[in-house]
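Q: Before we start, here is the structure in question, set down as structure tokens.
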Amino acid sequence: MSIKLIKVIQDNMLTSRLTGKWVWCSSRSPPHTLSSRQCQTVSESPSSGSTGREAEEGNGAPPTQDEIRPFGEIPGPRSLPIIGTLYHYLPVIGQYTFSRLHHTGLLKLKQFGPIVRERLVGDVTLLLLFDPRDIETMYSTEGRYPMRRSHTALEKYRLDRPHMYNTGGLLPTNGQKWWDIRRRAQKVLSRVQSVLTRLPHINKVTRDFNDLIDSVRCPQTGLISNFLDLERRLFLELTMVATVDVRLGCINRSSLNIVNKDAEDLLHAAHASNSCIIHTDNGLQLWRIALKYVEAKEEELRKRVDRRERGVDEDNDRPLSVLEYFILESGLDKKDILGVVCDTLLAGIDTGAFTMSYVLHNLATNPDKQELLAAEARTLLARSGGEVTSRVLSEARYLKAVLKETYRLRPVSIVVVTQNQVSCRLPEYFPDPDKFLPERWLKKENINPFLVLPFGHGPRACIGRRTAEQNLYTAVLQLVGRYNIGWLGRELDCYSNLINEPDASLEFTFLPRAAAGGVQYS
Ligand code: HEM
């Protein structure tokens, strides 16, 4: 998704505090030329023993014309006419690979330093940032309507069907049009209080998921092979409950072998889209299913209004669900609602499932950390009668540290600046960078906030962040509270698709904690 940076880099210049060569300039210079007007920071080379930050804070003097270098001089892999740098990615002979962007990113950092320019192909130029201070600078210039250039196939698909969609949806739309949808949708999708109203449903789904685990795990070893299949079902169920108030039933034991067409279509569409294979019928499947649930909700609301008029609406004080809010209060029209519902279904399933895979893998391969989390779960859930409540979530400090450490080591999303995943494993930012140490987030170590950004940053950051985190916290706490989780799979890394996904089959074991000498809550 670094492609998203193109607009920014054509309009601005960057600074690398490590080499002292580049200057970020907020002026709108023409591409590939420079101006020292309004330049904000100056840097010094590491040999001076001073950090860029110190230089910046020291005299704040604007850079001289000599210090400012043309954009085209930013180092990077050699680019050929027409094919750009694509030849570097050829199988066998190429030094880079698109399927492991974190390895490729590290190699580029070693070869070219903390700012890398890459003309990929045609007019597509990427700028890779590794220094969190540059990342911060980049975000600070994004303005009110940060521009993104991703999901362009999805955008084309939708714009070609004006009878179904008003816009390309949240993911690819830019400018005022993007903000018109975003400001209406985020009121219900992002607000803490609104997200918390869905917690009891989320808690119920995750407990059902535990029961499912109980019935499918091998009674002797606890093994569940290909656990990712179940996780994707879980996050589909959670996303449907959170967005369209529907229990699909795809994590019921009885439904495991029965094909639920909506569930299968949704899982397929979300995965295919995230793998950049936007078959035209995916859009249609998704849209049809979204339409079905939106229309069912409209009908339900009509009946409710009718009941209310007759004074027999027993459900009067219940807070509005997401879909009810969209229909009744958001000001979004039906086509926009369908677009946002499709976007949340596309964005909420694999991201959650893959993140949970890495959380569980980290816990299973670090049993001492798992025990600390289990102790926290035991204390908090015993107090709440086994329910994950808002109080439990507010007190679950170790759980949050576990998630944060997993975002650091295994971010599933390749954000605007793809290189956070590389920088997060550099020893200059994190001692013992490859170790899973949730404690580093409890000690209030001085960690630059622009290093770990799994949901992005600023006005365009993930609209579903609170929903996603509530889902993950609840599911992980319930699981670790009930099971001792082990790992029988091979070493786990990730493939880079549109998002990073586990590159090996997930072979987890689940042994009830009660059997292992722990406490059971339910
Ligand atoms: C662990 C789970 C998730 C992760 C790591 C994640 C991460 C991200 C990231 C990095 C972005 C792009 C930010 C940017 O462009 O600057 C994004 C955008 C988005 N996410 Fe998520 N996400 C997750 C779950 C969800 C869920 C559950 C939903 C739905 C409720 C969702 C809906 C969206 C939407 C609609 C956008 C586009 C927002 C816009 O462009 O205005 N995401 N997400």
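The values are calculated or read from the model by the stated rules, or taken from the named source; none is laboratory data. Because the structure is predicted, anything quoted here is derived from the model rather than measured. Counting neighbours? That spans all protein chains shown, and the Cβs are built from the backbone with ideal geometry, glycine included.
Q: Can you spot a residue in region 324-342 that is under 30 Å from Arg513 (Cα atoms), away from the ligand (no atom under 16 Å from the Cβ), touching a residue at least 12 places away in the same chain (Cβ under 8 Å) and of a type outside the set (S, T, N, Q)?
A: No.
Q: Quickly run through region 402-457 and pick out the residues that are within 16 Å of the ligand (Cβ to nearest atom) and basic (Lys, Arg).
A: Lys404, Arg408, Arg410
Q: From Gly105, Gly122, which residue is modelled with pLDDT of 90 or more and out of contact with any Lys or Arg (no Cβ under 7 Å at 6 or more places or on another chain)?
A: Gly105
Q: May I pose another question? With the checklist (1) within 16 Å of the ligand (Cβ to nearest atom); (2) free of Cβ contacts under 8 Å to residues at least 40 places away in the same chain; (3) of a type outside the set (S, T, N, Q); (4) assigned to a helix (DSSP H, G or I) in hand, flag the one item Pro172 doesn't pass.
A: (4)
The rows are residues; the columns are (1) under 21 Å from Ile135 (Cα atoms); (2) crowded, with 19+ Cβ neighbours inside 10 Å.
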position: Ser423; (1), (2): yes, yes
position: Pro427; (1), (2): yes, no
position: Asp434; (1), (2): no, no
position: Trp441; (1), (2): yes, yes
position: Phe455; (1), (2): yes, no
position: Gly458; (1), (2): yes, no
position: Ile463; (1), (2): yes, yes
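Q: Further question: Please go through (1) farther than 30 Å from Leu345 by Cα; (2) more than 16 Å from the ligand (Cβ to nearest atom); (3) touching a helix residue (DSSP H, G or I) at 6+ places or on another chain (Cβ under 8 Å) for Gly122 and return the number of the only condition it doesn't satisfy.
A: (3)
Q: Can you name the residue in region 88-126 that is in contact with a strand residue (DSSP E or B) (Cβ under 8 Å, 6 or more places away or on another chain) and of a type in the set (S, T, N, Q) and, of all such residues, is nearest to Glu501 (Cα to Cα)?
A: If we take residues in region 88-126 being in contact with a strand residue (DSSP E or B) (Cβ under 8 Å, 6 or more places away or on another chain) and of a type in the set (S, T, N, Q), then Ser99 is nearest to Glu501 (Cα to Cα).
Q: Looking at Arg149, Arg119 in this structure, which one is surrounded by fewer than 20 Cβ atoms within 10 Å (Cβ to Cβ), more than 30 Å from Ile181 (Cα to Cα), of a type in the set (D, E, K, R) and touching a residue at least 12 places away in the same chain (Cβ under 8 Å)?
A: Arg119
Q: Take the residues in region 178-193 that are polar (S, T, N, Q) and part of a helix (DSSP H, G or I); name whichever of them is surrounded by the fewest Cβ atoms within 10 Å (Cβ to Cβ).
A: Here the answer is Gln193.
Q: How many of the residues making up region 256-297 are surrounded by fewer than 16 Cβ atoms within 10 Å (Cβ to Cβ) and at pLDDT 70 or above?
A: Qualifying residue count for the region: 5.
Q: Moving on to the next point. Tally the residues that are without any contact (Cβ under 8 Å) to a residue 60 or more places away in the chain, small (Gly, Ala, Ser) and farther than 30 Å from Ser390 by Cα, restricting the search to region 189-227.
A: Qualifying residue count for the region: 0.
Q: How many of the residues making up region 133-180 are among the acidic types (Asp, Glu) and closer than 30 Å to Leu451 by Cβ?
A: The number of residues fulfilling the criteria is 3.
Q: Tally up the residues in region 131-152 that are within 13 Å of the ligand (Cβ to nearest atom) and not small (Gly, Ala, Ser), please.
A: Selection size over region 131-152: 11.
Q: Take region 152-163 and flag every residue that is touching a Ser or Thr at 6+ places or on another chain (Cβ under 9 Å) and under 24 Å from Arg183 (Cβ atoms).
A: Within region 152-163, Leu154, Glu155, Arg158, Leu159 qualify.
Q: Additional query: So for region 385-400 (the condition being hydroxyl-bearing (Ser, Thr, Tyr) and within 13 Å of the ligand (Cβ to nearest atom)), does at least one residue qualify?
A: no
Q: Okay, moving on. Report the residue count in region 195-230 for those that are within 20 Å of Phe354 (Cα to Cα) and in a helix (DSSP H, G or I).
A: The number of residues fulfilling the criteria is 14.
Q: Another one. Name, by its number, the condition in (1) assigned to a loop (DSSP other than H, G, I, E, B); (2) within 22 Å of Cys462 (Cα to Cα); (3) in contact with a helix residue (DSSP H, G or I) (Cβ under 8 Å, 6 or more places away or on another chain); (4) not β-branched (Val, Ile, Thr) that does not hold for Arg158.
A: (1)
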